[in-house]
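Notes follow once the structure below has been shown.
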């Protein structure tokens, strides 16, 4: 994944509309949405991003974790890679992160999704801290986070809303919402 190229693709699509678009991005797509708004602010009326997996502050996510996950992929250990990803990057508790290894039993997860997650994170690591850049976005940005866990994404949303007057952060609890 190349964040700049993917953001340019989003901009190209948005420019086919007759008016500014509303842009939603989830996970790494949230980062791509923010980058697209930087490239062509006139193309977007507002943005909503759900847990963008990038540190919006000046300190990037722990590159050692991404490197360790890449080493596990390269060693043919996708279960270990997703455990590292879940524990060190998403901040899932250790016991749950160990259970996540079971996803590697699925050929699609083992061969496509887990290596793709690690590749996406490597691209985001290369992007680095973007708080100052994202703080210049003038459209309204709604940052949605899942409240029941303290992920790096929730911390990033707090940092972003503090520096950007046009941003709003909204936390919700998935399990409580699903139970209703």
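Readers should treat all values here as calculations from the given coordinates under stated rules, not as data from a laboratory. Remember, it's a predicted structure, so these values are computed and weren't measured experimentally. Virtual Cβ from ideal backbone geometry, glycine too; neighbours counted across all protein chains shown.
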Item to check | For segment 1-49, the spread of Cα positions along each principal axis, largest first, Å | outcome: 28, 19, 14
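For 114, 73, what ranking results if the residue with the fewest other Cβ atoms within 10 Å of its Cβ goes first? All intermediate terms of the calculation are to be shown ahead of the outcome.
On the way: 114 26, 73 20.
Fewest to most other Cβ atoms nearby, the residues stand as 73, 114.
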Next on the checklist: Taking the number of other C-beta atoms within 10 Å as the exposure measure, put 42, 35, 6 in order starting with the fewest.
Outcome noted: 42, 6, 35
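Starting from the Cα-Cα distance between residue 108 and residue 42, subtract it from 0.36 nm times their residue separation and give me the gain in nm to one decimal. Could the numbers behind the result be given before it?
Values: separation 66, 0.36 × 66 = 23.76 nm, distance 3.86 nm.
So the extension gain works out to 19.9 nm.
Counting other C-beta atoms within 10 Å, which of 19, 87, 130 has the fewest, and how do the rest follow?
19, 87, 130
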Item to check | Three principal axis lengths of segment 1-147 [C-alpha, angstrom, descending] | outcome: 47, 29, 26
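Scaled to the compact-protein estimate 2.2 N^0.38 Å, what is the alpha-carbon radius of gyration of segment 63-126, rounded to two decimal places? Mind showing how you got there, number by number?
On the way: Rg = 10.5 Å, N = 64, 2.2 N^0.38 = 10.7 Å.
Expressed relative to 2.2 N^0.38 Å, the Cα Rg reads 0.98.
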